[in-house]
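Chemist: Quick one: the structure is below, questions incoming.
The values are calculated or read from the model by the stated rules, or taken from the named source; none is laboratory data. Bear in mind that the values here come from a model prediction, so they are computed numbers and not experimental data. In this analysis, Cβ positions are derived from the backbone assuming ideal geometry, glycine residues included, and neighbour counts consider all displayed protein chains.
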Amino acid sequence: MLTNCSFTTEFSEFWEVVIKMAKKVSTEVVELLGNYGHIGFTFVAAIFIGLGGGIYLDEHFFDGSTSPWFTFIGLAFGILAGFKSLFDILRTPAAKTKDKDATG
Amino acid sequence: MEHPILFISLILEKLGLPIPHGLIGETFLEKMCQPYMTYTWFVMIFLVVVGKLTLSNIEMIPGKGQNFWEMLIGGMYDFFEENMGRELAEKLFPMIATFGLYIAVANLIGLIPGFMSPTASINTTVALTIIVWVTHHIIGIRAHGLGYIKHFLGPIPVLIPLMLFIEIISNIARLASLSIRLFGNIMAKETLLTILFILAGAYFAPLPIMVLGVLVSLVQAMVFVLLTVVYFGQANEHAH
């Protein structure tokens, strides 16, 4: 049977553990969001920059005479640049130290 | 998105200054009184005053205020040193730490009713991003001279025509993604809060979004600083 005293110590121990876990999880979440949360936007931005450059070359530089070609080439380069930026994110120092920590 | 109440704009209007009714003012004075300009000044004054109040007498045994700054600045400095080397960290610490503090405070200030985040305007974020983008090229050119172009040529000579365009596109994409990410996240937070305040402010509907807003604000400030440090470090190190 629980006395009042042991109940309060157990209670506070329980909350200490909960707070410790919450702190660990929240710092981990913030760290992961900081390191990898921008992957989606970087990828899309690269594709749109490539596509926009292609459309600009077609419509304004060559006045529409080469119409769909530079758009498609620009789109292809944009997609490649997007994948390349994904590799860049994996090569960042933050990701590297994370790997080292994981492997010991 | 027009805010319901912006108290600095109200004060300036009472003082007789012209407040622009749209997003962008017409005359020079109207441009200076745009909400994101006035709130940028407010954040700057806030940071200076808080720094002055807490750090006016620095002691060997730190008090509450000094302890907070020592922890924050020390943590930031260690992080920079780890990611871009001691020399570069010492040279560029003031700039990046200022950006980090400014963005964090500017993001968080929008959670208080009556204030807006200066970073919810794309002008602010593009200005910050252009400074970072130009600086990372300057660092690269200073470190490598003309050899900096090797960063854009890829690993093998055969692939140069392919890699050159890819690298240029992904470099310009940095400019776009760094600015639009910060702007988009903060503007979404502000707009959502405003709409929830108008719809159901009496029932504490914006409260859960405010909790998320704190997380988003801090994470976005951290992402900006992290990416700045990574770009500077990459420009400084040798081409792969």
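Chemist: Regarding the stretch B:176-188, can at least one residue be identified that is among the aromatic types (F, W, Y) and modelled with pLDDT of 90 or more? Working first, answer last.
Modeler: Let us first name the residues in the stretch B:176-188 that are among the aromatic types (F, W, Y), namely B:183.
Adding the requirement that they be modelled with pLDDT of 90 or more leaves B:183.
Checked against the condition, which is being among the aromatic types (F, W, Y) and modelled with pLDDT of 90 or more, the stretch B:176-188 yields at least one hit.
Chemist: Against the conditions (1) surrounded by 14 or more Cβ atoms within 10 Å (Cβ to Cβ); (2) not in a helix (DSSP H, G or I), where does B:F42 fall short? Just the number, please.
Modeler: Here B:F42 meets the rest and fails (2).
Chemist: Determine whether B:L92 is more than 30 Å from B:E13 (Cα to Cα) and either in contact (Cβ under 8 Å) with a residue 12 or more places away in the chain or within 16 Å of the chain's Cα centre (by Cα) (or both). Reasoning before the result, please.
Modeler: On the way: more than 30 Å from B:E13 (Cα to Cα): yes; either in contact (Cβ under 8 Å) with a residue 12 or more places away in the chain or within 16 Å of the chain's Cα centre (by Cα) (or both): yes.
When the stated conditions are applied, B:L92 passes them.
Chemist: Report yes if B:G114 is over 30 Å from B:A239 (Cβ atoms), surrounded by 14 or more Cβ atoms within 10 Å (Cβ to Cβ) and of a type outside the set (K, R), otherwise no. If you could, list the steps in order and put the result at the bottom.
Modeler: Details: over 30 Å from B:A239 (Cβ atoms): yes; surrounded by 14 or more Cβ atoms within 10 Å (Cβ to Cβ): no; of a type outside the set (K, R): yes.
In short, no.
Chemist: Something else: What number of residues in the stretch B:67-106 are of a type in the set (S, T, N, Q) and either surrounded by fewer than 15 Cβ atoms within 10 Å (Cβ to Cβ) or away from every other protein chain (no Cβ under 14 Å) (or both)? Before the answer, list the steps.
Modeler: Restricting attention to the stretch B:67-106, the residues satisfying the condition of being of a type in the set (S, T, N, Q) are B:67, B:83, B:98.
Now restrict to residues that are either surrounded by fewer than 15 Cβ atoms within 10 Å (Cβ to Cβ) or away from every other protein chain (no Cβ under 14 Å) (or both): B:67, B:98.
Summing the residues that are of a type in the set (S, T, N, Q) and either surrounded by fewer than 15 Cβ atoms within 10 Å (Cβ to Cβ) or away from every other protein chain (no Cβ under 14 Å) (or both) in the stretch B:67-106 gives 2.
Chemist: Kindly indicate whether B:F80 is touching a residue at least 60 places away in the same chain (Cβ under 8 Å), out of contact with any His (no Cβ under 9 Å at 6 or more places or on another chain) and not aliphatic (A, V, I, L, M).
Modeler: Numbers: touching a residue at least 60 places away in the same chain (Cβ under 8 Å): yes; out of contact with any His (no Cβ under 9 Å at 6 or more places or on another chain): yes; not aliphatic (A, V, I, L, M): yes.
In short, yes.
Chemist: Could you tell me whether the stretch A:92-103 includes any residue that is of a type outside the set (G, A, S) and at pLDDT 80 or above?
Modeler: No: the stretch A:92-103 contains no residue that is of a type outside the set (G, A, S) and at pLDDT 80 or above.
Chemist: If you scan the stretch B:22-65, which residues turn out to be over 26 Å from B:L111 (Cβ atoms) and polar (S, T, N, Q)?
Modeler: Once the filter is applied, which keeps residues that are over 26 Å from B:L111 (Cβ atoms) and polar (S, T, N, Q), the stretch B:22-65 yields B:T27, B:S56, B:N57.
Chemist: Given the criterion within 26 Å of B:G100 (Cβ to Cβ) and surrounded by 14 or more Cβ atoms within 10 Å (Cβ to Cβ), identify the matching residue among B:L192, B:L196.
Modeler: Values: B:L196 fails: within 26 Å of B:G100 (Cβ to Cβ).
Criteria check complete, one pass: B:L192.
Chemist: Does B:I209 count as surrounded by 20 or more Cβ atoms within 10 Å (Cβ to Cβ) and away from chain A (no Cβ under 12 Å)? Walk me through it before giving the result.
Modeler: Details: surrounded by 20 or more Cβ atoms within 10 Å (Cβ to Cβ): no; away from chain A (no Cβ under 12 Å): yes.
No: the conditions fail for B:I209.
Residue by residue, here is whether (1) within 14 Å of another protein chain (Cβ to nearest Cβ); (2) within 30 Å of B:L111 (Cα to Cα); (3) crowded, with 18+ Cβ neighbours inside 10 Å holds:
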residue	(1), (2), (3)
B:A143	no, no, no
B:Y148	no, no, no
B:G154	yes, no, yes
B:P161	yes, no, no
B:I168	yes, no, no
B:R174	yes, yes, yes
B:L178	yes, yes, yes
B:N185	yes, yes, yes
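Chemist: Among the candidates A:L75, A:L80, single out the residue that is more than 21 Å from B:G233 (Cβ to Cβ), facing chain B (nearest Cβ under 8 Å) and modelled with pLDDT of 85 or more.
Modeler: On the way: A:L75 fails: facing chain B (nearest Cβ under 8 Å).
Selected residue: A:L80, the only one of A:L75, A:L80 that is more than 21 Å from B:G233 (Cβ to Cβ), facing chain B (nearest Cβ under 8 Å) and modelled with pLDDT of 85 or more.
Chemist: Right, something else. Residues being more than 8 Å from chain B (Cβ to nearest Cβ) and crowded, with 18+ Cβ neighbours inside 10 Å: count how many of those fall in the stretch A:30-53.
Modeler: Here the count works out to 3.
Chemist: Look through B:I58, B:I96 and report the one residue that is β-branched (V, I, T) and either modelled with pLDDT of 85 or more or part of a helix (DSSP H, G or I) (or both). Spell out the reasoning first.
Modeler: On the way: B:I58 fails: either modelled with pLDDT of 85 or more or part of a helix (DSSP H, G or I) (or both).
Answer to the selection: B:I96.
Chemist: Which number in (1) part of a helix (DSSP H, G or I); (2) among the charged types (D, E, K, R); (3) exposed (fewer than 11 other Cβ atoms within 10 Å of the Cβ); (4) at pLDDT 80 or above marks the one condition that A:K23 misses?
Modeler: All conditions are met except number (4).
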